[in-house]
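The values are calculated or read from the model by the stated rules, or taken from the named source; none is laboratory data. Bear in mind that the values here come from a model prediction, so they are computed numbers and not experimental data. Methodologically, a virtual Cβ is constructed for each residue, glycine included, from the backbone with ideal geometry; neighbour enumeration extends over all protein chains shown.
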Amino acid sequence: MKKTENQMLVIFGASGDLTARKLVPALFNLFMAKQLPGNFVVLGCSRSNMDDAAFRDRVVLQSPYLAKKTKEVPSEAIKAFAQLFFYQDLGGSYDTDYTALRTRVEALNHGHHTEGNIMYYLSTPPTLYETIAKNLDAAQLSTQNNGWKRLIVEKPFGYDLKTAKALNTALQRYFQEQQIYRIDHYLGKETVQNLLVTRFANTIFEPLWNRNYIHHIEITNAEHVGVEKRGGYYDRSGALRDMFQNHLLQIVSLIVMEPPIGQEPEEIRNEKVKALKSLRVMTDPDILRDHTIRAQYMKANLDGDWVKGYREEDGVAPDSLTETYAAIKFYVDNWRWKDVPFYVRTAKRMPTKVTEVVIHFKTPHHHIFSGTDMHSQDNKLVIRIQPDEGILIKFGVKVPGQGFHVERANLDFYYSSLAETHVMEAYERLLLDAMQGDATLYARADEVEAAWTFVDPILEYWKNGEDVRMYGYAAGVWGPENADDLIEGIGLWRNPGPNLTDDPGFCVLC
Ligand code: BG6
(Lines give C-alpha, C1' and ligand atoms only; values in the text may rest on other atoms or scores of the structure.)
Protein backbone atom coordinates (compact mmCIF):
# COMPACT_ATOMS: atom_id res chain seq x y z
CA MET A 1 0.00 0.00 0.00
CA LYS A 2 1.27 3.50 -0.84
CA LYS A 3 2.16 5.80 2.02
CA THR A 4 -0.02 8.82 2.68
CA GLU A 5 2.13 11.57 4.14
CA ASN A 6 0.98 13.78 6.99
CA GLN A 7 -0.92 16.73 5.57
CA MET A 8 -3.62 19.35 5.81
CA LEU A 9 -6.63 19.64 3.51
CA VAL A 10 -7.82 23.19 2.99
CA ILE A 11 -11.26 23.36 1.40
CA PHE A 12 -12.39 26.60 -0.23
CA GLY A 13 -16.18 26.77 -0.49
CA ALA A 14 -16.43 24.70 2.68
CA SER A 15 -19.94 25.87 3.51
CA GLY A 16 -21.21 24.68 0.12
CA ASP A 17 -23.14 21.59 -0.79
CA LEU A 18 -20.27 19.57 -2.28
CA THR A 19 -18.24 19.65 0.94
CA ALA A 20 -21.02 18.19 3.06
CA ARG A 21 -22.46 15.91 0.38
CA LYS A 22 -19.32 14.39 -1.14
CA LEU A 23 -16.03 15.42 0.42
CA VAL A 24 -16.75 14.86 4.11
CA PRO A 25 -18.45 11.45 3.57
CA ALA A 26 -15.44 10.42 1.46
CA LEU A 27 -13.09 11.53 4.25
CA PHE A 28 -15.24 9.67 6.75
CA ASN A 29 -14.85 6.45 4.78
CA LEU A 30 -11.09 6.97 4.65
CA PHE A 31 -11.07 7.68 8.39
CA MET A 32 -13.01 4.51 9.19
CA ALA A 33 -10.75 2.49 6.88
CA LYS A 34 -7.70 3.97 8.67
CA GLN A 35 -6.47 5.40 5.38
CA LEU A 36 -5.95 8.96 6.62
CA PRO A 37 -2.40 9.81 7.65
CA GLY A 38 -1.50 9.88 11.35
CA ASN A 39 -1.38 13.67 11.36
CA PHE A 40 -4.21 15.13 9.37
CA VAL A 41 -6.54 18.12 9.66
CA VAL A 42 -9.15 19.74 7.47
CA LEU A 43 -9.44 23.50 7.38
CA GLY A 44 -12.67 24.72 5.81
CA CYS A 45 -12.70 28.26 4.40
CA SER A 46 -15.51 30.29 2.98
CA ARG A 47 -17.32 33.57 3.31
CA SER A 48 -19.74 32.26 5.95
CA ASN A 49 -19.30 33.40 9.51
CA MET A 50 -18.78 30.21 11.53
CA ASP A 51 -16.44 28.89 14.17
CA ASP A 52 -14.87 25.43 14.36
CA ALA A 53 -17.76 24.02 16.40
CA ALA A 54 -20.42 25.27 13.99
CA PHE A 55 -18.47 23.86 11.04
CA ARG A 56 -18.13 20.47 12.74
CA ASP A 57 -21.87 20.46 13.43
CA ARG A 58 -22.66 21.38 9.87
CA VAL A 59 -20.49 18.93 8.00
CA VAL A 60 -20.14 16.08 10.51
CA LEU A 61 -22.25 15.97 13.65
CA GLN A 62 -25.54 17.24 12.20
CA SER A 63 -24.92 16.42 8.56
CA PRO A 64 -27.78 14.57 6.87
CA TYR A 65 -25.23 13.20 4.39
CA LEU A 66 -23.32 11.38 7.12
CA ALA A 67 -26.29 10.22 9.16
CA LYS A 68 -26.61 6.88 7.40
CA LYS A 69 -22.89 6.13 7.60
CA THR A 70 -22.53 7.09 11.27
CA LYS A 71 -25.57 5.15 12.51
CA GLU A 72 -23.61 2.05 13.45
CA VAL A 73 -20.40 3.81 14.44
CA PRO A 74 -19.45 4.41 18.11
CA SER A 75 -19.92 8.04 19.13
CA GLU A 76 -16.25 8.37 20.20
CA ALA A 77 -15.18 7.60 16.63
CA ILE A 78 -17.54 10.24 15.25
CA LYS A 79 -16.27 12.77 17.78
CA ALA A 80 -12.68 11.93 16.91
CA PHE A 81 -13.49 12.42 13.24
CA ALA A 82 -15.18 15.77 13.95
CA GLN A 83 -12.08 16.92 15.84
CA LEU A 84 -10.15 16.86 12.56
CA PHE A 85 -12.21 19.80 11.25
CA PHE A 86 -11.43 23.49 11.66
CA TYR A 87 -12.86 26.59 10.07
CA GLN A 88 -11.50 29.93 8.87
CA ASP A 89 -13.84 32.73 7.87
CA LEU A 90 -12.41 34.58 4.86
CA GLY A 91 -14.63 37.59 5.41
CA GLY A 92 -16.87 38.90 2.67
CA SER A 93 -14.74 37.86 -0.29
CA TYR A 94 -12.35 35.24 -1.65
CA ASP A 95 -10.40 38.08 -3.21
CA THR A 96 -8.76 39.30 -0.08
CA ASP A 97 -5.50 39.23 1.79
CA TYR A 98 -4.81 35.66 2.92
CA THR A 99 -2.47 36.66 5.76
CA ALA A 100 -5.01 35.61 8.41
CA LEU A 101 -5.49 32.34 6.57
CA ARG A 102 -1.75 31.85 6.48
CA THR A 103 -1.46 32.45 10.22
CA ARG A 104 -4.17 29.85 10.82
CA VAL A 105 -2.57 27.35 8.45
CA GLU A 106 0.79 27.80 10.17
CA ALA A 107 -0.74 27.37 13.62
CA LEU A 108 -2.53 24.17 12.58
CA ASN A 109 0.54 22.89 10.81
CA HIS A 110 2.63 23.53 13.89
CA GLY A 111 0.06 22.17 16.37
CA HIS A 112 -0.80 19.04 14.39
CA HIS A 113 2.58 18.30 12.76
CA THR A 114 1.28 18.18 9.22
CA GLU A 115 4.81 18.85 7.89
CA GLY A 116 3.87 21.77 5.65
CA ASN A 117 2.08 19.47 3.18
CA ILE A 118 -1.13 21.12 2.02
CA MET A 119 -3.80 20.11 -0.42
CA TYR A 120 -6.09 22.96 -1.47
CA TYR A 121 -9.51 21.90 -2.71
CA LEU A 122 -11.41 24.50 -4.72
CA SER A 123 -15.07 23.74 -4.28
CA THR A 124 -16.19 27.23 -5.26
CA PRO A 125 -17.69 28.61 -8.47
CA PRO A 126 -15.01 28.37 -11.17
CA THR A 127 -14.92 32.15 -11.56
CA LEU A 128 -13.03 32.19 -8.26
CA TYR A 129 -10.33 29.65 -9.15
CA GLU A 130 -7.84 32.15 -10.47
CA THR A 131 -8.49 34.59 -7.65
CA ILE A 132 -7.88 31.96 -5.00
CA ALA A 133 -4.73 30.66 -6.70
CA LYS A 134 -3.41 34.22 -7.00
CA ASN A 135 -4.09 35.04 -3.36
CA LEU A 136 -2.56 31.79 -2.15
CA ASP A 137 0.52 32.63 -4.14
CA ALA A 138 0.65 36.20 -2.83
CA ALA A 139 0.50 34.87 0.74
CA GLN A 140 3.27 32.38 -0.12
CA LEU A 141 0.94 29.52 0.55
CA SER A 142 1.79 27.81 -2.73
CA THR A 143 5.57 27.57 -2.28
CA GLN A 144 6.99 24.11 -1.90
CA ASN A 145 10.15 24.89 0.04
CA ASN A 146 8.52 23.58 3.20
CA GLY A 147 6.32 20.59 2.29
CA TRP A 148 4.40 20.00 -0.94
CA LYS A 149 1.36 21.99 -2.07
CA ARG A 150 -1.35 20.60 -4.37
CA LEU A 151 -4.43 22.20 -5.85
CA ILE A 152 -7.57 20.22 -6.64
CA VAL A 153 -10.08 21.93 -8.92
CA GLU A 154 -13.63 20.83 -9.63
CA LYS A 155 -15.24 20.93 -13.04
CA PRO A 156 -16.21 22.84 -15.10
CA PHE A 157 -12.71 23.48 -16.41
CA GLY A 158 -13.70 26.34 -18.64
CA TYR A 159 -16.83 27.08 -20.59
CA ASP A 160 -15.26 26.43 -24.00
CA LEU A 161 -11.77 25.96 -25.43
CA LYS A 162 -10.82 29.61 -25.07
CA THR A 163 -11.83 29.90 -21.42
CA ALA A 164 -10.34 26.48 -20.60
CA LYS A 165 -6.98 27.62 -22.02
CA ALA A 166 -7.23 30.88 -20.12
CA LEU A 167 -7.98 29.01 -16.90
CA ASN A 168 -5.08 26.62 -17.41
CA THR A 169 -2.72 29.50 -18.09
CA ALA A 170 -3.99 31.39 -15.07
CA LEU A 171 -3.61 28.46 -12.68
CA GLN A 172 -0.20 27.58 -14.08
CA ARG A 173 0.94 31.10 -13.28
CA TYR A 174 0.73 30.27 -9.57
CA PHE A 175 1.01 26.47 -9.45
CA GLN A 176 3.03 24.11 -11.62
CA GLU A 177 1.01 21.68 -13.77
CA GLN A 178 2.21 18.75 -11.61
CA GLN A 179 0.63 20.45 -8.60
CA ILE A 180 -2.78 20.81 -10.28
CA TYR A 181 -5.33 18.00 -9.95
CA ARG A 182 -8.47 18.43 -12.09
CA ILE A 183 -11.06 16.15 -10.61
CA ASP A 184 -13.52 14.23 -12.76
CA HIS A 185 -15.51 12.00 -10.45
CA TYR A 186 -16.25 9.50 -13.23
CA LEU A 187 -12.60 8.53 -13.23
CA GLY A 188 -12.98 7.62 -9.57
CA LYS A 189 -15.62 5.05 -10.39
CA GLU A 190 -14.26 1.55 -10.09
CA THR A 191 -16.03 0.43 -13.25
CA VAL A 192 -14.55 3.25 -15.32
CA GLN A 193 -11.07 2.24 -14.23
CA ASN A 194 -11.98 -1.33 -15.01
CA LEU A 195 -12.17 -0.34 -18.68
CA LEU A 196 -8.37 -0.26 -18.65
CA VAL A 197 -8.12 -3.63 -16.94
CA THR A 198 -10.70 -5.27 -19.18
CA ARG A 199 -8.74 -4.13 -22.18
CA PHE A 200 -5.15 -4.51 -21.10
CA ALA A 201 -5.18 -7.39 -18.62
CA ASN A 202 -6.95 -9.88 -20.85
CA THR A 203 -5.86 -11.48 -24.05
CA ILE A 204 -9.38 -12.20 -25.19
CA PHE A 205 -10.59 -8.64 -25.79
CA GLU A 206 -7.66 -6.57 -26.98
CA PRO A 207 -7.00 -8.54 -30.21
CA LEU A 208 -10.60 -7.78 -31.18
CA TRP A 209 -10.52 -4.15 -30.03
CA ASN A 210 -10.29 -2.53 -33.45
CA ARG A 211 -12.02 -1.79 -36.73
CA ASN A 212 -11.61 -5.35 -37.97
CA TYR A 213 -13.98 -6.77 -35.37
CA ILE A 214 -15.93 -3.88 -33.88
CA HIS A 215 -18.92 -2.60 -35.79
CA HIS A 216 -19.85 0.35 -33.63
CA ILE A 217 -19.69 1.59 -30.07
CA GLU A 218 -22.53 2.98 -28.05
CA ILE A 219 -22.32 4.84 -24.77
CA THR A 220 -25.40 5.81 -22.79
CA ASN A 221 -25.47 8.00 -19.75
CA ALA A 222 -29.00 8.43 -18.51
CA GLU A 223 -30.28 10.07 -15.37
CA HIS A 224 -33.77 9.74 -14.05
CA VAL A 225 -33.65 13.05 -12.21
CA GLY A 226 -34.16 16.43 -13.81
CA VAL A 227 -31.99 19.45 -13.05
CA GLU A 228 -33.16 19.42 -9.43
CA LYS A 229 -32.13 22.62 -7.61
CA ARG A 230 -29.37 23.44 -10.09
CA GLY A 231 -31.48 25.06 -12.80
CA GLY A 232 -29.50 28.31 -12.67
CA TYR A 233 -26.16 26.58 -13.21
CA TYR A 234 -27.51 24.04 -15.67
CA ASP A 235 -29.18 26.56 -17.91
CA ARG A 236 -25.80 28.14 -18.62
CA SER A 237 -24.25 24.75 -19.13
CA GLY A 238 -26.40 22.03 -20.74
CA ALA A 239 -25.81 18.33 -21.23
CA LEU A 240 -22.85 18.74 -23.56
CA ARG A 241 -20.85 20.88 -21.15
CA ASP A 242 -22.13 19.27 -17.96
CA MET A 243 -21.54 15.61 -18.85
CA PHE A 244 -20.22 15.03 -22.35
CA GLN A 245 -17.15 17.27 -22.47
CA ASN A 246 -15.77 15.78 -19.28
CA HIS A 247 -17.19 12.49 -17.94
CA LEU A 248 -18.20 10.93 -21.25
CA LEU A 249 -15.15 11.98 -23.21
CA GLN A 250 -13.04 10.54 -20.39
CA ILE A 251 -14.81 7.23 -20.91
CA VAL A 252 -14.33 7.57 -24.67
CA SER A 253 -10.62 8.18 -24.20
CA LEU A 254 -10.26 4.96 -22.19
CA ILE A 255 -11.99 2.98 -24.93
CA VAL A 256 -10.09 4.60 -27.77
CA MET A 257 -6.58 4.85 -26.31
CA GLU A 258 -3.62 2.70 -27.30
CA PRO A 259 -1.97 0.51 -24.66
CA PRO A 260 0.24 2.64 -22.40
CA ILE A 261 3.76 1.35 -21.89
CA GLY A 262 3.15 1.07 -18.16
CA GLN A 263 0.88 2.18 -15.38
CA GLU A 264 2.73 5.41 -14.60
CA PRO A 265 0.29 8.37 -14.48
CA GLU A 266 1.98 10.25 -17.33
CA GLU A 267 2.09 7.17 -19.55
CA ILE A 268 -1.66 6.66 -19.19
CA ARG A 269 -2.43 10.36 -19.52
CA ASN A 270 -0.28 10.67 -22.65
CA GLU A 271 -2.29 7.93 -24.33
CA LYS A 272 -5.59 9.52 -23.28
CA VAL A 273 -4.56 12.85 -24.78
CA LYS A 274 -3.57 11.13 -28.01
CA ALA A 275 -6.96 9.42 -28.08
CA LEU A 276 -8.85 12.68 -27.58
CA LYS A 277 -6.76 14.38 -30.24
CA SER A 278 -7.73 11.68 -32.70
CA LEU A 279 -11.47 12.36 -32.46
CA ARG A 280 -12.56 13.77 -35.81
CA VAL A 281 -13.57 17.37 -35.16
CA MET A 282 -16.83 18.14 -36.96
CA THR A 283 -17.08 21.57 -38.51
CA ASP A 284 -19.19 21.05 -41.63
CA PRO A 285 -22.78 22.18 -40.81
CA ASP A 286 -24.27 19.29 -42.81
CA ILE A 287 -22.32 16.76 -40.77
CA LEU A 288 -23.13 18.55 -37.55
CA ARG A 289 -26.82 18.50 -38.48
CA ASP A 290 -26.81 14.78 -39.23
CA HIS A 291 -24.54 13.71 -36.39
CA THR A 292 -25.92 15.61 -33.43
CA ILE A 293 -29.29 15.75 -31.71
CA ARG A 294 -30.27 17.99 -28.86
CA ALA A 295 -33.50 18.03 -26.93
CA GLN A 296 -35.21 19.18 -23.75
CA TYR A 297 -37.51 17.27 -21.42
CA MET A 298 -41.10 18.32 -21.15
CA LYS A 299 -43.73 18.08 -18.45
CA ALA A 300 -45.11 14.59 -18.02
CA ASN A 301 -46.98 12.41 -15.64
CA LEU A 302 -44.67 9.80 -14.14
CA ASP A 303 -46.39 7.13 -12.17
CA GLY A 304 -49.20 9.44 -11.15
CA ASP A 305 -47.01 12.48 -10.36
CA TRP A 306 -46.57 15.41 -12.65
CA VAL A 307 -42.96 16.44 -13.16
CA LYS A 308 -42.02 19.82 -14.54
CA GLY A 309 -40.73 20.39 -18.01
CA TYR A 310 -37.21 21.80 -18.22
CA ARG A 311 -38.37 25.32 -19.05
CA GLU A 312 -40.56 25.37 -15.96
CA GLU A 313 -37.72 24.46 -13.61
CA ASP A 314 -36.49 27.11 -11.12
CA GLY A 315 -33.63 29.15 -12.49
CA VAL A 316 -34.31 28.13 -16.12
CA ALA A 317 -35.31 30.74 -18.70
CA PRO A 318 -38.85 30.10 -20.03
CA ASP A 319 -37.49 30.29 -23.58
CA SER A 320 -34.29 28.42 -22.80
CA LEU A 321 -32.40 26.71 -25.60
CA THR A 322 -30.22 24.64 -23.30
CA GLU A 323 -30.21 20.94 -24.03
CA THR A 324 -30.99 18.30 -21.40
CA TYR A 325 -30.43 15.56 -23.98
CA ALA A 326 -27.43 15.35 -26.28
CA ALA A 327 -26.60 12.54 -28.66
CA ILE A 328 -23.51 12.68 -30.84
CA LYS A 329 -22.20 10.40 -33.56
CA PHE A 330 -18.53 10.70 -34.38
CA TYR A 331 -15.48 8.96 -35.80
CA VAL A 332 -11.95 8.53 -34.60
CA ASP A 333 -9.24 9.25 -37.11
CA ASN A 334 -6.55 6.74 -36.41
CA TRP A 335 -5.33 3.36 -37.54
CA ARG A 336 -7.32 1.35 -35.01
CA TRP A 337 -10.70 3.03 -35.33
CA LYS A 338 -11.05 4.15 -38.93
CA ASP A 339 -14.72 4.09 -40.01
CA VAL A 340 -16.05 2.77 -36.70
CA PRO A 341 -18.92 5.01 -35.60
CA PHE A 342 -19.24 6.01 -31.96
CA TYR A 343 -22.66 6.95 -30.61
CA VAL A 344 -22.71 8.74 -27.30
CA ARG A 345 -25.73 10.17 -25.54
CA THR A 346 -26.39 11.76 -22.19
CA ALA A 347 -29.64 13.05 -20.78
CA LYS A 348 -31.71 13.93 -17.78
CA ARG A 349 -35.24 12.70 -17.08
CA MET A 350 -34.79 9.35 -18.76
CA PRO A 351 -36.72 6.25 -17.69
CA THR A 352 -33.94 5.14 -15.35
CA LYS A 353 -30.43 5.99 -14.15
CA VAL A 354 -27.81 4.06 -16.03
CA THR A 355 -24.39 4.45 -17.61
CA GLU A 356 -23.06 1.77 -19.89
CA VAL A 357 -20.73 1.15 -22.79
CA VAL A 358 -21.77 -1.32 -25.46
CA ILE A 359 -19.19 -2.69 -27.85
CA HIS A 360 -21.04 -4.12 -30.83
CA PHE A 361 -18.92 -6.66 -32.67
CA LYS A 362 -19.34 -7.35 -36.36
CA THR A 363 -21.61 -10.19 -37.39
CA PRO A 364 -19.79 -13.23 -38.76
CA HIS A 365 -18.77 -12.44 -42.34
CA HIS A 366 -20.35 -15.61 -43.74
CA HIS A 367 -23.84 -16.39 -42.51
CA ILE A 368 -24.18 -20.14 -42.24
CA PHE A 369 -27.38 -20.06 -40.23
CA SER A 370 -29.86 -18.26 -42.38
CA GLY A 371 -33.00 -16.71 -41.00
CA THR A 372 -31.38 -15.33 -37.86
CA ASP A 373 -31.50 -11.57 -37.53
CA MET A 374 -28.57 -9.32 -36.80
CA HIS A 375 -29.53 -9.02 -33.16
CA SER A 376 -29.13 -12.73 -32.58
CA GLN A 377 -25.85 -12.83 -34.43
CA ASP A 378 -23.75 -9.93 -33.31
CA ASN A 379 -21.74 -10.28 -30.14
CA LYS A 380 -21.96 -7.49 -27.66
CA LEU A 381 -19.76 -6.62 -24.74
CA VAL A 382 -21.71 -4.49 -22.28
CA ILE A 383 -19.69 -2.69 -19.65
CA ARG A 384 -22.09 -1.44 -17.01
CA ILE A 385 -20.65 1.55 -15.19
CA GLN A 386 -23.66 2.11 -12.95
CA PRO A 387 -25.85 0.83 -11.35
CA ASP A 388 -25.69 -2.96 -11.08
CA GLU A 389 -22.02 -2.64 -12.04
CA GLY A 390 -20.66 -5.46 -14.11
CA ILE A 391 -19.81 -6.89 -17.50
CA LEU A 392 -22.04 -8.82 -19.86
CA ILE A 393 -21.14 -10.71 -23.00
CA LYS A 394 -23.92 -11.55 -25.40
CA PHE A 395 -23.28 -14.43 -27.71
CA GLY A 396 -25.23 -16.71 -29.99
CA VAL A 397 -26.38 -20.17 -28.89
CA LYS A 398 -28.44 -22.75 -30.64
CA VAL A 399 -32.08 -22.95 -29.63
CA PRO A 400 -32.72 -26.61 -28.75
CA GLY A 401 -34.72 -28.44 -31.36
CA GLN A 402 -34.65 -29.04 -35.06
CA GLY A 403 -32.58 -26.90 -37.38
CA PHE A 404 -30.17 -24.14 -36.37
CA HIS A 405 -32.09 -21.35 -34.82
CA VAL A 406 -29.72 -18.97 -33.05
CA GLU A 407 -30.58 -16.91 -29.96
CA ARG A 408 -28.52 -14.67 -27.73
CA ALA A 409 -27.34 -15.89 -24.36
CA ASN A 410 -25.67 -13.91 -21.57
CA LEU A 411 -22.39 -14.41 -19.75
CA ASP A 412 -22.31 -11.97 -16.90
CA PHE A 413 -20.10 -10.77 -14.06
CA TYR A 414 -21.28 -8.50 -11.23
CA TYR A 415 -19.10 -6.41 -8.97
CA SER A 416 -21.50 -7.15 -6.14
CA SER A 417 -20.31 -10.76 -6.32
CA LEU A 418 -16.96 -9.60 -4.93
CA ALA A 419 -18.70 -9.50 -1.57
CA GLU A 420 -15.75 -9.03 0.75
CA THR A 421 -14.20 -6.24 -1.28
CA HIS A 422 -14.97 -2.69 -0.23
CA VAL A 423 -15.62 -0.74 -3.41
CA MET A 424 -14.44 2.79 -2.73
CA GLU A 425 -16.73 5.67 -3.63
CA ALA A 426 -15.44 7.92 -6.40
CA TYR A 427 -14.50 10.89 -4.21
CA GLU A 428 -12.94 8.61 -1.62
CA ARG A 429 -10.65 7.04 -4.19
CA LEU A 430 -9.77 10.32 -5.86
CA LEU A 431 -9.05 12.15 -2.62
CA LEU A 432 -6.79 9.36 -1.45
CA ASP A 433 -4.95 9.36 -4.79
CA ALA A 434 -4.34 13.11 -4.60
CA MET A 435 -3.23 12.80 -0.98
CA GLN A 436 -0.66 10.29 -2.20
CA GLY A 437 0.36 12.42 -5.17
CA ASP A 438 -1.03 10.03 -7.78
CA ALA A 439 -2.52 12.03 -10.66
CA THR A 440 -3.43 9.08 -12.91
CA LEU A 441 -7.15 9.63 -12.48
CA TYR A 442 -7.00 13.40 -12.80
CA ALA A 443 -7.31 15.31 -16.05
CA ARG A 444 -4.23 17.07 -17.38
CA ALA A 445 -4.43 20.53 -18.99
CA ASP A 446 -3.87 19.22 -22.53
CA GLU A 447 -6.51 16.52 -22.00
CA VAL A 448 -9.12 19.10 -21.06
CA GLU A 449 -8.17 21.27 -24.02
CA ALA A 450 -8.33 18.35 -26.45
CA ALA A 451 -11.84 17.56 -25.21
CA TRP A 452 -12.95 21.17 -25.71
CA THR A 453 -11.43 21.20 -29.20
CA PHE A 454 -13.88 18.46 -30.14
CA VAL A 455 -16.88 19.94 -28.33
CA ASP A 456 -16.50 23.61 -29.28
CA PRO A 457 -17.73 23.36 -32.91
CA ILE A 458 -20.82 21.42 -31.78
CA LEU A 459 -21.65 24.11 -29.26
CA GLU A 460 -21.01 26.79 -31.83
CA TYR A 461 -23.25 25.04 -34.37
CA TRP A 462 -26.03 24.58 -31.82
CA LYS A 463 -25.79 28.23 -30.90
CA ASN A 464 -25.41 29.90 -34.27
CA GLY A 465 -26.04 27.29 -36.95
CA GLU A 466 -28.95 27.60 -39.38
CA ASP A 467 -32.10 25.58 -38.79
CA VAL A 468 -30.76 23.83 -35.74
CA ARG A 469 -33.59 21.95 -34.09
CA MET A 470 -34.30 21.65 -30.39
CA TYR A 471 -36.52 18.63 -29.92
CA GLY A 472 -38.73 17.86 -26.99
CA TYR A 473 -39.28 14.59 -25.17
CA ALA A 474 -41.71 13.76 -22.44
CA ALA A 475 -39.93 13.33 -19.11
CA GLY A 476 -39.46 9.61 -18.53
CA VAL A 477 -38.93 8.43 -22.11
CA TRP A 478 -35.72 7.61 -23.98
CA GLY A 479 -35.33 10.99 -25.64
CA PRO A 480 -36.96 12.61 -28.64
CA GLU A 481 -38.83 10.69 -31.28
CA ASN A 482 -36.04 11.00 -33.81
CA ALA A 483 -33.29 9.83 -31.41
CA ASP A 484 -32.83 6.63 -33.39
CA ASP A 485 -32.24 8.55 -36.64
CA LEU A 486 -28.67 9.06 -35.56
CA ILE A 487 -27.97 5.33 -35.74
CA GLU A 488 -30.02 4.79 -38.84
CA GLY A 489 -28.95 1.74 -40.81
CA ILE A 490 -27.42 0.11 -37.78
CA GLY A 491 -30.30 -0.42 -35.45
CA LEU A 492 -31.65 1.21 -32.38
CA TRP A 493 -30.09 2.48 -29.22
CA ARG A 494 -29.87 -0.19 -26.59
CA ASN A 495 -32.24 1.31 -24.02
CA PRO A 496 -30.98 -0.46 -20.94
CA GLY A 497 -32.99 -1.31 -17.87
CA PRO A 498 -31.82 -0.92 -14.28
CA ASN A 499 -30.38 -4.44 -14.31
CA LEU A 500 -27.40 -5.36 -16.43
CA THR A 501 -29.03 -8.34 -18.09
CA ASP A 502 -32.34 -6.62 -18.81
CA ASP A 503 -32.81 -6.54 -22.49
CA PRO A 504 -33.48 -3.26 -24.23
CA GLY A 505 -36.90 -1.81 -24.24
CA PHE A 506 -39.08 -0.53 -21.51
CA CYS A 507 -38.20 -0.54 -17.88
CA VAL A 508 -39.89 0.17 -14.62
CA LEU A 509 -39.61 3.71 -13.39
CA CYS A 510 -38.11 3.91 -9.93
C1 BG6 B 1 -22.16 15.87 -12.42
C2 BG6 B 1 -23.14 16.70 -13.21
O3 BG6 B 1 -20.84 16.12 -12.84
O4 BG6 B 1 -22.46 14.49 -12.60
C5 BG6 B 1 -24.56 16.40 -12.79
O6 BG6 B 1 -22.86 18.07 -13.00
C7 BG6 B 1 -24.83 14.93 -12.86
O8 BG6 B 1 -25.49 17.12 -13.58
C9 BG6 B 1 -23.75 14.13 -12.15
O10 BG6 B 1 -26.09 14.69 -12.26
C11 BG6 B 1 -23.93 12.65 -12.41
O12 BG6 B 1 -23.04 11.90 -11.65
P13 BG6 B 1 -23.32 10.38 -11.30
O14 BG6 B 1 -22.09 9.93 -10.60
O15 BG6 B 1 -24.53 10.37 -10.41
O16 BG6 B 1 -23.58 9.69 -12.58
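Data for the structure
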item	result
Scope region 157-192; condition out of contact with any strand residue (DSSP E or B) (no Cβ under 9 Å at 6 or more places or on another chain) and either β-branched (Val, Ile, Thr) or under 20 Å from Ala14 (Cβ atoms) (or both); matching residues	Thr163, Thr169, His185
Count of region 173-189 residues which are away from the ligand (no atom under 12 Å from the Cβ) and part of a helix (DSSP H, G or I)	5
Residue among Ala450, Ala439, Ala426 that is at pLDDT 95 or above, in contact with a helix residue (DSSP H, G or I) (Cβ under 6 Å, 6 or more places away or on another chain) and not basic (Lys, Arg)	Ala450
Some residue of region 220-240 being within 16 Å of Val448 (Cα to Cα), within 12 Å of the ligand (Cβ to nearest atom) and charged (D, E, K, R)	no
Of all residues in region 94-139 being among the acidic types (Asp, Glu) and over 29 Å from the mean Cα position of the chain (by Cα), the one that is nearest to Asn168 (Cα to Cα)	Asp137
Residue count, region 246-267 (criterion: within 12 Å of the ligand (Cβ to nearest atom) and touching a Leu at 6+ places or on another chain (Cβ under 9 Å))	3
Only one of Asn202, Asn270 that is in the same structural domain as Gly309 (by TED's automatic domain parsing), assigned to a helix (DSSP H, G or I) and more than 16 Å from the ligand (Cβ to nearest atom)	Asn270
Qualifying residue in region 461-478 (condition: modelled with pLDDT under 95, small (Gly, Ala, Ser) and under 21 Å from Val153 (Cα atoms))	no
Hits in region 54-97 (condition: among the aliphatic types (A, V, I, L, M) and surrounded by 13 or more Cβ atoms within 10 Å (Cβ to Cβ))	Ala54, Val59, Val60, Leu61, Leu66, Val73, Ala77, Ile78, Ala82, Leu84, Leu90
Answer from Arg349, Arg289, Arg294 - the residue that is surrounded by 14 or more Cβ atoms within 10 Å (Cβ to Cβ) and at positive phi	Arg349
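Residues checked against (1) outside the structural domain of Glu223 (by TED's automatic domain parsing); (2) out of contact with any strand residue (DSSP E or B) (no Cβ under 8 Å at 6 or more places or on another chain); (3) under 30 Å from Gln176 (Cβ atoms); (4) buried (at least 20 other Cβ atoms within 10 Å of the Cβ):
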position: Pro387; (1), (2), (3), (4): no, no, no, no
position: Lys398; (1), (2), (3), (4): no, no, no, no
position: Gln402; (1), (2), (3), (4): no, yes, no, no
position: Val423; (1), (2), (3), (4): no, yes, no, no
position: Glu428; (1), (2), (3), (4): no, yes, yes, yes
position: Met435; (1), (2), (3), (4): no, no, yes, yes
position: Asp438; (1), (2), (3), (4): no, yes, yes, no
